[in-house]
Each structure stands twice: as structure tokens, then as C-alpha cells.
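Working notes for the structure below.
The values are calculated or read from the model by the stated rules, or taken from the named source; none is laboratory data. Please read these numbers as outputs of a predicted model, since none were measured by experiment. Neighbour counts run over all protein chains shown; Cβ positions are idealised from the backbone, glycine included. Surface areas here come from the heavy atoms of the whole protein model, side chains and all, with no ligands, DNA or RNA. Shrake-Rupley method; radii C 1.70, N 1.55, O 1.52, S 1.80 Å.
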Amino acid sequence: MIRLALLRHGHTSWNRAGRIQGRSDIPMDDTARAELAAQSLPPDWADADLWSSPLKRAAETAELVAGRPPRTAPALTEMNWGEWEGLHGTDLKADSSSGFRDIEDWGWHYRPPGGETPAEVWDRIEPWLRGLTRDTVAVCHIGIMRMILARAHGWDFDGPAPFRVKRNRLFIVEIDGPTLRPVDEPIRLIREETA
């Protein structure tokens, strides 16, 4: 059995403004950098393999909390939101003609205009995930985390999610052959003591 710990990247200016980022390569903001520089991986995870999305916000988060550069995998790049990247989710939700849906109403085949479905995102993540050979930390994006956690929890993007992705926490999934199992409680990053 292999354990996979998923960590969401630090905040960007687009996150704070409620803009959809997707594959746009928006860097972390200075506040996020300072917060993450004061945190580290728990000791049990310090020597795990370290991977990240190639997008700056994820790779920099990985290096800050692990103290070493990650290997990057295109499979961990955020979901493609197509024409909606850069727009405000609240504006799309307020426009009944936009086609925007809350995640509880997606299903695996919901597609933003010009973007990817959750099923397509899973199809690119799964080969990477199945290639893991030892415990691994993957710093990525909320969309990637949702796909992996959805599979582990048996959730089909239909009704309330059985998990809530928060920052500065490791969400653990056990990989046992073809089976994914969630570990119930996320683990907080360790806050470094300041002198």
C-alpha cells in the first residue's frame, strides 16, 4: 500500500478575488509566500517523494514547505476551465444563461465552455497516480484534489461533497492496487517556531 498526501497551493491574487484560474499560471502572492515559508511538512512526510503541478503557484508551494524542489507532472495541472478562466465565479453563477453549475451538480461529464470534464481530468491523473511506487506528497490544485478525493470517497459530483478542501493541510489517500481509500482527518502543516 502507498500513501498519497495532497496539498493545495498557496493563495494567489486571483484566488483572493474569486477569479477562476484553471491553467492560467498565476503566481502566489507575497502573503501566501510568507505564510508557507513559516510551515513545513510533518516529520512522517519529510522524506516522501515530492511532486507538483508545473504551474508556479504549486511548484513554489512545494519547495517552500519541503525545502527542496519538486518533480513536476503535467498530469497534476489544474482542470482546464476554458473560456471561463479569469472570470469571477459569482458573476457566472448570477447569469442563468452562462451554464455555470455548483460542483454538487456537475457529475463526471460537466464541461465548462472549451474546458475539461472531471472525467477527462481523471483520465490524465490516473496513469500518474498508478505509477507511484512509494509514499508521495503532491502539491497541486483544488480541482486535481477533488478528482482524486472523489474517487477515494466514491462521490460522483452529485450532492454535497463528503470532504472540504482546505489549505495548509495534507489530505491523505491510501492506494492499494486499484483501490483508493481516504484517510479521514487531514494533517496540518507544521508551523515553524519563530525566535
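General remarks:
- Evaluation of Val139 against (1) within 26 Å of Thr12 (Cα to Cα); (2) in contact (Cβ under 8 Å) with a residue 24 or more places away in the chain; (3) open to solvent by 40 Å² or more (accessible area, probe 1.4 Å) (one fails), failing number: (3)
- Taking region 156-173 as the range and being open to solvent by 20 Å² or more (accessible area, probe 1.4 Å) and either of a type in the set (Phe, Trp, Tyr) or touching a Phe, Trp or Tyr at 6+ places or on another chain (Cβ under 9 Å) (or both) as the test, the residues that pass are Asp156, Asp158, Ala161, Pro162, Phe163, Val165.
- Flag for Trp14 being open to solvent by 10 Å² or more (accessible area, probe 1.4 Å), over 21 Å from Glu120 (Cβ atoms) and aromatic (Phe, Trp, Tyr): yes
- Contacts under 8 angstrom Cβ, first residue in region 80-97 being of a type in the set (Phe, Trp, Tyr), partner open to solvent by 40 Å² or more (accessible area, probe 1.4 Å) and modelled with pLDDT of 95 or more, 6 or more apart: Trp81/Arg23; Trp84/Phe100; Trp84/Pro113
- Within region 147-167, residues that are of a type in the set (Lys, Arg) reach partners that are modelled with pLDDT of 95 or more and not in a loop (DSSP other than H, G, I, E, B) with beta carbons closer than 7 Å, at six or more positions or on different chains, in the pairs Arg151/Trp122; Arg151/Leu180; Arg167/Arg8.
- Exactly one residue out of Ala66, Ala58, Ala75 is surrounded by 15 or more Cβ atoms within 10 Å (Cβ to Cβ), touching a residue at least 24 places away in the same chain (Cβ under 8 Å) and either touching a Ser or Thr at 6+ places or on another chain (Cβ under 6 Å) or among the hydroxyl-bearing types (Ser, Thr, Tyr) (or both), and it is Ala58.
- Qualifying residue in region 101-123 (condition: under 28 Å from Trp14 (Cα atoms), within 16 Å of the chain's Cα centre (by Cα) and open to solvent by 30 Å² or more (accessible area, probe 1.4 Å)): yes
- Within region 10-42, the residues that satisfy the criterion of being part of a loop (DSSP other than H, G, I, E, B) and charged (D, E, K, R) are Arg23, Asp25, Asp29.
- Any chance Arg191 is modelled with pLDDT of 95 or more and open to solvent by 30 Å² or more (accessible area, probe 1.4 Å): no
- Checklist (1) in a loop (DSSP other than H, G, I, E, B); (2) crowded, with 16+ Cβ neighbours inside 10 Å applied to Asp47, failing item: (2)
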